[in-house]
Amino acid sequence: MSKGPCEACEELLQGYLDRELTDDEVSLAESHLDGCEYCRRRYRFEVSLRRYVQTTAVERMPPGLMEKLAELRSAGA
């Protein structure tokens, strides 16, 4: 049984948001998002959820933790 276009788009959504898709996959996801209100709403929800998680994670960190993480990240590079 083959997947419907919404199922295929759903499988690509996280990779699309993370910019990890091939050019062909990006084209497929974007063409579906252009024509499907349901998947566009899911996409907007995922974007706002990621923004919320990122904002709340930073706001709840103890002072200086972001700087320490940045130091550790650059030390590991």
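Percent relative contact order of the chain, based on C-alpha pairs within less than 8 angstrom and at least six residues apart?
Details: 23 pairs, mean separation 17.8, N = 77.
23 percent.
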Just check region 5-76 against the gyration tensor rule for me: Cα atoms, a ≥ b ≥ c as the square roots of the eigenvalues, rounded for a/c under 1.5, and otherwise prolate or oblate depending on whether a/b exceeds b/c. oblate
Using a basic spin-label model with each label point 7 Å from the Cα along Cα→Cβ, how many nm lie between Arg40 and Glu67? 4.5
For region 40-49, in residue order, the Karplus 3J(HN,Hα) values (coefficients 6.51, -1.76, 1.60; θ = phi - 60°; whole Hz; Gly and Pro = x) are 5, 5, 4, 4, 4, 4, 4, 4, 5, 4
Place +1 on the Cβ of every Lys and Arg and -1 on the Cβ of every Asp and Glu in the chain, take the dipole about the Cα centre, and give the residue among Ala8, Thr22, Met66 whose Cα lies farthest towards its positive end. Met66
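Every number here is computed from the coordinates shown, using simple stated rules; none is lab data. A quick note: this is a predicted structure, and the numbers were derived from the prediction, not measured. Methodologically, a virtual Cβ is constructed for each residue, glycine included, from the backbone with ideal geometry; neighbour enumeration extends over all protein chains shown.
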